[in-house]
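See below for the structure under consideration.
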Amino acid sequence: MTAIGIHVESLDDEVRRRWMPGKGSVPMAEYEAAWDEAVRVFGRNRVSTYLLVGLGEDPDELVAGARRLIERGVYPFVVPLRPMAGTLACRDGISAPPADLVRDVTERIAAMLRAAGMIGADQRAGCAACGACGALSAAGA
Ligand code: SF4
C-alpha cells in the first residue's frame, strides 16, 4: 500500500453528531491518534481525510482545521456536499453549498498545501491522488 484515507468528513463536533452519529461518537482525539500513526507508517502526504464543505460548519474553522491537518502531514481533501435526489438531505431541503464558498475554501486550502509541498497526485492512490470529487487538483494541490 502506498497511501491511506482515514475520513472524518467534518472537524465540527456538532456537525459530526448531526450528520454522522456513528462516526460522530468517535472522539476527534482518536482520529488524531490514527492520523499520526498512519503518517508514521505511510509517511507525510501519504494520508488523507475527506472534509465536506456545506454541512453547516464555519468555513474559517474548516480552513483552520485543514491547516492543523497539513501540519501533521495529513492531506485535507475538501469536497463540496452534493445531496442526491431522494436522500434524507434533499428531503430536509439541504442543497449544495454556494460555488463562491467552495471556491474560497478550496483556494485557501490549496495555497496551504502548495506551500507545504503536499500535492494530492503524489499520494499515487486513493481520493487525494484521484481528486475528481473536489477542485484542489485544479488549484495546483
Ligand atoms: S471519484 Fe476519485 S475522489 Fe471521488 S470518491 Fe472516487 S476515488 Fe475518491
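The values are calculated or read from the model by the stated rules, or taken from the named source; none is laboratory data. Because the structure is predicted, anything quoted here is derived from the model rather than measured. Glycine gets a Cβ as well: all are built from the backbone with ideal geometry, and neighbour counts include every protein chain shown.
Odds and ends about this structure:
- Out of Leu136, Leu88, Leu101, Leu51, one residue alone is at pLDDT 95 or above, more than 16 Å from the ligand (Cβ to nearest atom) and either under 23 Å from Val15 (Cβ atoms) or touching a Phe, Trp or Tyr at 6+ places or on another chain (Cβ under 8 Å) (or both). It is Leu101.
- Residues that are of a type outside the set (Val, Ile, Thr), outside any helix (DSSP H, G or I) and surrounded by fewer than 12 Cβ atoms within 10 Å (Cβ to Cβ), drawn from region 59-94: Met84, Ala85, Gly86, Asp92, Gly93
- Residue within region 73-84 that is of a type in the set (Phe, Trp, Tyr), within 16 Å of the ligand (Cβ to nearest atom) and within 19 Å of Trp19 (Cβ to Cβ) present: yes
- Filter result for Ala141 (more than 16 Å from the ligand (Cβ to nearest atom) and surrounded by 14 or more Cβ atoms within 10 Å (Cβ to Cβ)): no
- Checking Gly54, Gly24, Gly43 one by one, the residue that is touching a helix residue (DSSP H, G or I) at 6+ places or on another chain (Cβ under 6 Å) and of a type outside the set (Asp, Glu) is Gly24 and no other.
For every residue, the table says whether it meets (1) farther than 20 Å from His7 by Cα; (2) among the basic types (Lys, Arg).
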residue	(1), (2)
Ser48	no, no
Gly54	no, no
Ala85	yes, no
Val105	no, no
Arg114	yes, yes
Cys130	no, no
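- Whenever a residue of region 128-140 is part of a helix (DSSP H, G or I), its partners that are within 8 Å of the ligand (Cβ to nearest atom) and not hydrophobic (A, V, I, L, M, F, W, C), lying with C-beta atoms within less than 7 angstrom and at least six residues away or across chains, give the pairs Ser137/Gly131.
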